[in-house]
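Everything on this sheet refers to the single structure shown next.
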Amino acid sequence: MDIVVLGILIPTLYSSEIFNTDPLILVVVCGMGFFFFLMPHFLLKVLQKPKWTEIDSINRSIRLMETNKQVKTIPWDSLQFLTYSEYTYTVKTKNGSKTITVYTVLGQWNGETIPLAESTIFPELRLIGERIAKFLKVSIKNESGVLIPYTELDLPIHKRKIPKEVWESEITFSPSSQISIEKIGQDNLLKSNYNPKLYTLVAASVSFAFTLMIHFFIGSAFDLSVTSWETFPPNTYQVTFFILSFGFGFLPLAYVWWNKKRKKEIKISNDVMYWNGKLYPFANWEEILLKQNTLYLVNDHSTETYSLHFFCEPSDSIQVLNWIQKEIGKLSGGNEEFGRF
């Protein structure tokens, strides 16, 4: 960020010919710039209190640290179990604001929660959590409140216990999601014809604005925009730029159109799952998770994602996950009482 600021500030000052003015003005301006450049770093240094957690394998303890001081020491044998948590915060950007989600591994100890690790990428955080659980030999409580022993963290998805509320839930979808369930031989297919009009409207608006920005801001600088045309038809360069500006400008709308028109299917077989025709054997994957309207198929080495933004209404995302869990349990030999996932 500092490099970006300098990259904008220095050419701006240079083009303003400030270096040719009174040396006193130059000193004052450069001094103020230097002050504002260092101020954020100074405030962060003074106000920020770094916190972190250390796991001491020699003394079998967990140390909570703050600004190089040990705040608390917890024997790891007294740690009851681990959980995953998340929180969000909003940061301002030059184009508005952005919401960032931070995922956390928490240790439960005597009614307290002890933060052990954080990441903005859930599959990465999950892997860290499982490594901690295996190292400390404690269970992980999932979102359904089920304790998973550390010895079962590497089970494939078709051998994990399915939560009772998932087995007993009735899988229904809102009509606007346009989802149908089909039986194809021994396989079950979840098919979507979802057509989110809001995405089309937003993409069309963004594409139009993006096209105008490219065509007039960039084109005017090189005498290529329509305001620079002196003849009709214009010259070859102007025609080429006209086509390219619309081509690049309408990429957001093309992306939305492609996602709406492509095949959107999830098929469950006896031992494999298909996402839009791509095969995923159950034995190769440990969990299927839902985060921010996206399905994550994860193991200890890799992650596959399947966005549901163009598959169904956001309120139906959990129903899609529940349907997958139930179908895997039924087709892999599970039942409502002892189903495994």
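The values are calculated or read from the model by the stated rules, or taken from the named source; none is laboratory data. Note that the structure is predicted; figures quoted are calculated from it, not measured. Please note: Cβ atoms are built from the backbone with ideal geometry, for glycine as well, and neighbour counts cover all protein chains shown. For accessibility, only protein heavy atoms count, side chains too; no ligands or nucleic acids. Shrake-Rupley method; radii C 1.70, N 1.55, O 1.52, S 1.80 Å.
Look at Glu170 and say whether it is open to solvent by less than 90 Å² (accessible area, probe 1.4 Å) and acidic (Asp, Glu).
Taking the combined requirement at face value, the residue does not satisfy it.
Look at the range 171-196 and say how many of its residues are without any contact (Cβ under 8 Å) to a residue 40 or more places away in the chain and not in a strand (DSSP E or B). Please lay out each step first, then the result.
To start, the set of residues in the range 171-196 that are without any contact (Cβ under 8 Å) to a residue 40 or more places away in the chain comprises 175, 178, 180, 182-183, 185.
Those still in the list that are not in a strand (DSSP E or B) too: 175, 178, 185.
So the answer is 3.
Tell me the residue from Asp271, Asp300 that is over 28 Å from Tyr199 (Cα atoms) and in contact with a Pro (Cβ under 7 Å, 6 or more places away or on another chain), please. Before the answer, list the steps.
Working: Asp300 fails: in contact with a Pro (Cβ under 7 Å, 6 or more places away or on another chain).
Step by step, each of Asp271, Asp300 is checked, and only Asp271 is over 28 Å from Tyr199 (Cα atoms) and in contact with a Pro (Cβ under 7 Å, 6 or more places away or on another chain).
From the set of residues in the range 214-225 that are loosely packed, with under 13 Cβ neighbours inside 10 Å and part of a helix (DSSP H, G or I), which is modelled with the highest pLDDT?
Applying the filter and picking the extreme gives Phe217.
For the range 174-186, indicate whether the set of residues that are charged (D, E, K, R), at pLDDT 85 or above and either within 26 Å of Ser144 (Cα to Cα) or loosely packed, with under 14 Cβ neighbours inside 10 Å (or both) is non-empty. Show your work before the answer.
To start, the set of residues in the range 174-186 that are charged (D, E, K, R) comprises 182-183.
Filter once more, keeping what is at pLDDT 85 or above: 182-183.
Next, only the ones that are either within 26 Å of Ser144 (Cα to Cα) or loosely packed, with under 14 Cβ neighbours inside 10 Å (or both) stay: 182-183.
Yes: the range 174-186 contains one or more residues that are charged (D, E, K, R), at pLDDT 85 or above and either within 26 Å of Ser144 (Cα to Cα) or loosely packed, with under 14 Cβ neighbours inside 10 Å (or both).
Just one of Thr236, Thr240 is open to solvent by less than 100 Å² (accessible area, probe 1.4 Å), more than 30 Å from Ile324 (Cα to Cα) and modelled with pLDDT under 85; which is it?
Values: Thr236 fails: open to solvent by less than 100 Å² (accessible area, probe 1.4 Å).
Exactly one residue qualifies, and that residue is Thr240.
Could you tell me which numbered condition Leu153 fails, if it satisfies all but one of (1) at pLDDT below 85; (2) more than 26 Å from Gly277 (Cβ to Cβ); (3) buried (at least 17 other Cβ atoms within 10 Å of the Cβ)?
Going through the list (1) at pLDDT below 85; (2) more than 26 Å from Gly277 (Cβ to Cβ); (3) buried (at least 17 other Cβ atoms within 10 Å of the Cβ), Leu153 breaks only (1).
So Ile121 clears everything in (1) of a type in the set (A, V, I, L, M, F, W, C); (2) closer than 22 Å to Val102 by Cβ; (3) open to solvent by less than 50 Å² (accessible area, probe 1.4 Å) except one condition, right? Which one?
Every condition holds for Ile121 apart from (3).
Just the residues that are within 18 Å of the chain's Cα centre (by Cα) and open to solvent by 20 Å² or more (accessible area, probe 1.4 Å), please, taken from the range 262-290. Reasoning before the result, please.
First, pick out the residues of the range 262-290 that are within 18 Å of the chain's Cα centre (by Cα): 287-290.
Answer for the range 262-290, where residues must be within 18 Å of the chain's Cα centre (by Cα) and open to solvent by 20 Å² or more (accessible area, probe 1.4 Å): Glu287, Leu289, Leu290.
Which members of the range 50-87 meet the condition of being of a type in the set (S, T, N, Q) and modelled with pLDDT under 85? Lay out the reasoning, then the answer.
Within the range 50-87, the subset of a type in the set (S, T, N, Q) is 53, 57, 59, 61, 67-68, 70, 73, 78, 80, 83, 85.
Across the range 50-87, the qualifying residues are Thr53, Ser57, Asn59, Ser61, Thr67, Asn68, Gln70, Thr73, Ser78.
Only one of Thr101, Thr120 is among the polar types (S, T, N, Q) and within 30 Å of Ile268 (Cβ to Cβ). Can you tell me which?
Sole residue among the options that is among the polar types (S, T, N, Q) and within 30 Å of Ile268 (Cβ to Cβ): Thr101.
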